[in-house]
1. Once you place label points 7 Å from the Cα toward the Cβ at THR159 and GLU66, how far apart are they in nm?
2. Could you run the Karplus curve 6.51 cos²θ - 1.76 cosθ + 1.60 with θ = phi - 60° over the range 141-157 and give me ³J(HN,Hα) per residue in whole Hz, x for Gly and Pro?
3. Using θ = phi - 60° and the Karplus form 6.51 cos²θ - 1.76 cosθ + 1.60, what ³J(HN,Hα) does each residue of the range 102-112 get, whole Hz, x for Gly and Pro?
4. Amide H to amide H, which residues 5 or more places from ARG115 or on other chains are under 5 Å from it, using H placed in the peptide plane?
5. Amide H neighbours of ASP82 under 5 Å, at least 5 residues apart or on other chains, H built in the peptide plane: list them.
6. Residue by residue through the range 64-81, which ³J(HN,Hα) values in whole Hz follow from phi under the Karplus form 6.51 cos²θ - 1.76 cosθ + 1.60 (θ = phi - 60°), with glycine and proline marked x?
7. Take every Cα pair under 8 Å in the range 77-132 that's 6+ residues apart, average their separations, divide by the length, and report that relative contact order as a whole percent.
Amino acid sequence: MAAVLAIAFTAFGYQLRPLIHQQPPAHSVGGDDPTPSSSPSSSAVVKGDVPEAFLGSWSTVISNTEGNHTRSLVVQQGHIGDDVLILVADGPSGSGNYHCVFTAPLTAVSDGGDRLKLGPSTLTSGVPPSSCVAGSTSTLTLGSGDTLRRVSENGETLTYAR
């Protein structure tokens, strides 16, 4: 539950970032500037390279002999080079549990906007750190019926749902 809340607050905070960093429009001193200033509502929209269909929260469960391992990811708006993926991984490990949080940058968007290429993930926090291994580059592809497939460069595939 804590992981889900962390993802939600992170995504919410990211959406508020343009409002927090918004600067008042510049005005000319003489009033001769015919260029209209942008309206406040248009500056609140976050624009970037990620197609809208990818945005939001996705999750899946990996089951093995140790138990269930949850993966929750958030795809947020951004530009090439920005961290657009936040992945939270939780599950049993030996005599305890692990909790890992990763981010990954957007490196490319396919011409049709149906695939996102992500750079290698970076560990932002992990308990215990030894249980958290950053991933390689990967590709996100939208599937049918609100599913998202993530394929790592080593061929590992996970399918997430909203």
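Coordinate-derived values only; no laboratory data. As the structure is a prediction and not an experimental result, all values here were calculated from the model. Every residue, glycine among them, receives a Cβ derived from its backbone with ideal geometry; neighbour counts consider all protein chains shown.
1. According to this spin-label approximation, the distance is 2.5 nm.
2. My calculation for the range 141-157 gives 10, 6, x, 7, x, 6, 10, 9, 10, 10, 10, 7, 4, 7, x, 5, 10 Hz in order.
3. 10, 10, 9, x, 7, 10, 6, 10, 4, 4, x
4. Placed amide hydrogens put SER110 under 5 Å from ARG115.
5. LEU106
6. 8, 5, 7, x, 9, 10, 8, 10, 10, 10, 10, 9, 10, 5, x, 10, 3, x
7. With pairs under 8 Å counted, the relative contact order is 32 percent.
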